[in-house]
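Down below is the structure, laid out as structure tokens.
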Amino acid sequence: DLEKPIQKSFIFPPMKDTVSQDIDHILETQSALAVDLGGTNLRVAIISQQGEILHKMSELTPVTYEQRMDLLVRMLVEATSKAVELSCRILGIGISTGGRVNPHEGMVLHSTKILEEWSSIDLRTPISSKLHLPVWVDNDGNCAALGEKKFGKGKGSEDFITLIVGTGIGGGIVLNNELVHGANFCAAELGHISVSMDGPDCMCGSSGCVESYSSGIALQREAKKLHDADELLVPGVHLREGEEVTGKHVIQAAQLGNKKAEKVVETACEALGLAVCSLLHTVNPSHIILCGHLAPHYVDGVREVIQRRALPSAASSIQIMVSDLEEPALLGAASIVLEYATRR
Ligand code: BMX
Ligand code: MG
Ligand code: CA
Ligand code: ZN
């Protein structure tokens, strides 16, 4: 039942000299519900104004539109009751999702095969009418950039780019302090920068995109190839009974000296490095922030490619960093809500 009674606000007795700051006396934590919908996981979190993740839940992303919407609504309803328990006042819902998004309409315009049945989807209307809360939506890479800007290594930077390596590769570009959305909300689809005239097939229908070399699915594809040829496992890398081979195993094997696995990681770094070179020459940002679990394994390789392949003037000034945020996309989705709802 969504028609929950309105929560009581607990107000401190006003102190003599701070009467006007009555909002600060509310004991409840002003918070946002944040959603991150990716190719693998669907996450919902309660995030405070200070960027603390107060509660988080995660499920596998369902494959059909209907299952996905049902699960999302169920998770959001559960999060709103959790928010009551935690004395959080929810100001709205911020949704980070894969695909091209029109943030003015709260619509997912189009998605690659990473998210099937996720084109021409109005997220705002059904979610806001079921949860009785305002809803904001943007692309996940864009949200990651917003998360970095508000809470992470993008703080204080006017021109920077975020690359988030997950199942796919998402991107976000901040220029003159603003996200770049482009003419049709298709800007900053940085996973689909071409780094090869041919190259592996990409989930977008093209081939040779950086996502087809350096993403989680790309590493998994290579891991499976090696495993099928009995060339993946070396002492120290184990597969539990029934465990699926993933990119993680290729990273572990490379770290333990498996030459074939090292080659896979090197190629992934080379591709990501080339994509970053293109970005430096297009946008000339001050920072590139690499996010996601694979980022620490890529950063040195990317720096090395830049030194070798970028224009010297672009290479000398750029700072390539690894994000220190646990969940940049969730934090960015929350920041849209928190920035908007508390603007006075
Ligand atoms: C894909 C594309 C991007 C997204 C990126 C990262 C879709 C559905 N997704 O390139 O919009 O930013 O994946 O997504 O078109 P994730 O699944 O790795 O989180
Ligand atoms: Mg993601
Ligand atoms: Ca993007
Ligand atoms: Zn592509």
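Read-outs: derived from the displayed coordinates by stated rules, not from any lab. From a predicted model like this one, the values you see are computed outputs, not experimental measurements. Virtual Cβ from ideal backbone geometry, glycine too; neighbours counted across all protein chains shown.
For segment 115-140, which residues satisfy the criterion of being in contact (Cβ under 8 Å) with a residue 60 or more places away in the chain and within 13 Å of ligand 3 (Cβ to nearest atom)?
Asp138, Asp140
Please specify each residue of segment 181-191 satisfying the condition of being without any contact (Cβ under 8 Å) to a residue 24 or more places away in the chain and within 14 Å of ligand 1 (Cβ to nearest atom).
Listed by number, the residues that qualify are Gly182, Ala187.
Quick test of your reading of the structure: Asn102 fulfils all but one of (1) surrounded by 14 or more Cβ atoms within 10 Å (Cβ to Cβ); (2) without any contact (Cβ under 8 Å) to a residue 60 or more places away in the chain. Name the failing condition by number.
In the conditions (1) surrounded by 14 or more Cβ atoms within 10 Å (Cβ to Cβ); (2) without any contact (Cβ under 8 Å) to a residue 60 or more places away in the chain, Asn102 misses (2) alone.
Do the conditions hold for Val165, that is, is it among the hydrophobic types (A, V, I, L, M, F, W, C), in contact with a Leu (Cβ under 6 Å, 6 or more places away or on another chain) and over 17 Å from Gly39 (Cα atoms)?
no
Would you be able to say whether some residue in segment 115-136 is of a type in the set (Phe, Trp, Tyr) and surrounded by 24 or more Cβ atoms within 10 Å (Cβ to Cβ)?
Yes, the conditions are met somewhere in segment 115-136.
Could you check how many residues of segment 294-344 are free of Cβ contacts under 8 Å to residues at least 24 places away in the same chain and part of a loop (DSSP other than H, G, I, E, B)?
2
Which is touching a residue at least 24 places away in the same chain (Cβ under 8 Å), on the phi > 0 side of the Ramachandran plot and out of contact with any helix residue (DSSP H, G or I) (no Cβ under 6 Å at 6 or more places or on another chain), of Gly236, Gly205?
Matching residue, one of Gly236, Gly205: Gly205.
Would you point out the residue of segment 179-211, among those that are hydroxyl-bearing (Ser, Thr, Tyr) and surrounded by fewer than 16 Cβ atoms within 10 Å (Cβ to Cβ), that is farthest from ligand 4 (Cβ to nearest atom)?
For segment 179-211, the residue satisfying everything is Ser196.
Can you name the residue in segment 141-196 that is among the polar types (S, T, N, Q) and either near ligand 3 (Cβ under 10 Å from one of its atoms) or out of contact with any helix residue (DSSP H, G or I) (no Cβ under 9 Å at 6 or more places or on another chain) (or both) and, of all such residues, is nearest to Gln319 (Cα to Cα)? Quick ask: steps written out before the conclusion?
Here is the first cut: in segment 141-196, the residues among the polar types (S, T, N, Q) are 142, 157, 162, 167, 176-177, 184, 194, 196.
If we keep only those that are either near ligand 3 (Cβ under 10 Å from one of its atoms) or out of contact with any helix residue (DSSP H, G or I) (no Cβ under 9 Å at 6 or more places or on another chain) (or both) as well, we get 142, 162, 176, 184.
Numbers: Asn142: 19, Thr162: 12, Asn176: 17, Asn184: 30 Å.
Step by step, filter segment 141-196, then rank; the result is Thr162.
Kindly evaluate Ser58 against the criterion of being hydroxyl-bearing (Ser, Thr, Tyr) and away from ligand 1 (no atom under 15 Å from the Cβ).
Criteria not met by Ser58.
Of all the residues that make up segment 36-73, how many are under 15 Å from Val108 (Cβ atoms) and either aliphatic (A, V, I, L, M) or surrounded by 18 or more Cβ atoms within 10 Å (Cβ to Cβ) (or both)?
Residues in segment 36-73 being under 15 Å from Val108 (Cβ atoms) and either aliphatic (A, V, I, L, M) or surrounded by 18 or more Cβ atoms within 10 Å (Cβ to Cβ) (or both): 9 in total.
Could you tell me whether segment 232-243 includes any residue that is within 30 Å of Ser316 (Cα to Cα) and buried (at least 16 other Cβ atoms within 10 Å of the Cβ)?
Let us first name the residues in segment 232-243 that are within 30 Å of Ser316 (Cα to Cα), namely none.
No, there is no match, as no residue in segment 232-243 is within 30 Å of Ser316 (Cα to Cα) and buried (at least 16 other Cβ atoms within 10 Å of the Cβ).
Are any residues in segment 39-68 outside any strand (DSSP E or B), in contact with a strand residue (DSSP E or B) (Cβ under 9 Å, 6 or more places away or on another chain) and either within 16 Å of ligand 4 (Cβ to nearest atom) or farther than 21 Å from Ile336 by Cα (or both), and if so, which ones?
Thr40, Thr61, Pro62, Tyr65, Arg68
Of the residues in segment 52-95, how many are farther than 16 Å from Ser128 by Cβ and within 16 Å of ligand 3 (Cβ to nearest atom)?
0
Mind listing just one residue for me: the one in segment 121-178 that is more than 13 Å from ligand 1 (Cβ to nearest atom) and among the acidic types (Asp, Glu) and, of those, nearest to Gly273 (Cα to Cα)?
Asp159
If I ask for residues that are within 16 Å of Glu211 (Cβ to Cβ), assigned to a helix (DSSP H, G or I) and not hydroxyl-bearing (Ser, Thr, Tyr), which ones from segment 277-293 would you list?
Within segment 277-293, just Leu279 meets the criteria.
Residues in segment 81-105 that are outside any strand (DSSP E or B) and under 17 Å from the mean Cα position of the chain (by Cα): how many?
The qualifying residues number 3.
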